[in-house]
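To keep things clear, I will list the structure first and then write my remarks on it.
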Amino acid sequence: MLSYTFKKAERLKSKKVIDSLFQEGQSFGAYPLRIVWVRTEGNDSPVQCAVSVSKRRFPKAVDRNRIKRQLREAWRLNKHHLYQELETEEQYAIMLLFTGKEHAPQHEIEQSVQRIIKKFLRKTAPTTK
C-alpha cells in the first residue's frame, strides 16, 4: 500500500546533516530545480527531504512559501517512485532547491521532481562489473 504522506521522519531538519549536504554532497539540476544529496545513516526513513527557495530571487515570504508548498506537494506525490527503487539499507538526505527566476505552475514543478527522481536513481544505482 502506498503512503502519500510526508511524515515527520521524512523531513530533513538536522543542522549537521544539512551542513554536510552542502560540504560533501553531490548535486545536479533539472530546471527549475536543483537537488543536493548525501548518503546518511541511522535515519527512521530511507530518504529525508527538505526544500529551499532563494530569498534573493523571491524577496516576499508569501512567494517563497507558496513555492515551498508546491515543492513539498510534488515530492509527496512522487516519492514512492524513489522508495520502490532504493535498496533497503540505503539512506539519503536530499534538499530540493528552487532555482527558477519566476513562479512555475504546479505541473511543471511536478514534472521536474519526476525527472530529478529518475536521474537521481541513475546516478546512485550501484555499478556492476
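What follows draws every value from the coordinates through simple rules; no lab data is involved. Every value quoted in this text rests on a predicted model; they were computed, and no experiment measured them. Positions of Cβ are generated from backbone atoms using ideal geometry, with glycine treated the same way; all protein chains shown enter the neighbour counts.
For the pair Glu90 and Lys16, the difference between a 0.36 nm per residue extended length and the Cα-Cα distance amounts to 24.7 nm. Segment 11-35 and segment 54-129 have Cα centres separated by 11 Å.
Compute the helix-to-body angle for 61-85: its Cα long axis versus the longest principal axis of the chain, expressed 0 to 90° and rounded to tens. Tilt relative to the chain: about 20 degrees. Full extension of the chain between Ala125 and Gln23 yields a length gain of 34.5 nm, computed as 0.36 nm times the residue separation minus the alpha carbon distance. Karplus-based coupling profile of segment 10-20, in residue order and whole Hz: 8, 8, 8, 10, 5, 4, 4, 5, 5, 4, 5, with θ = phi - 60° in 6.51 cos²θ - 1.76 cosθ + 1.60 and x standing for Gly or Pro. In this structure the amide hydrogen of Arg11, modeled in the peptide plane, comes within under 5 Å of the amide hydrogens of Cys49, none closer than 5 places in sequence on its chain. For a straight C-alpha distance cut-off of 23 angstrom, the lysines reachable from Lys119 (same-chain residues fewer than eight places away being disregarded) are Lys68, Lys79, Lys101, Lys129.
The helix-only estimate of mean residue ellipticity at 222 nm for the chain, built from DSSP H runs of length n ≥ 4 each weighted as -39500 (n - 2.57), is -14000 deg cm²/dmol after division by the residue total. Taken along the Cα-to-beta-carbon direction at a fixed 7 Å, the label points for Arg66 and Leu2 span 2.8 nm.
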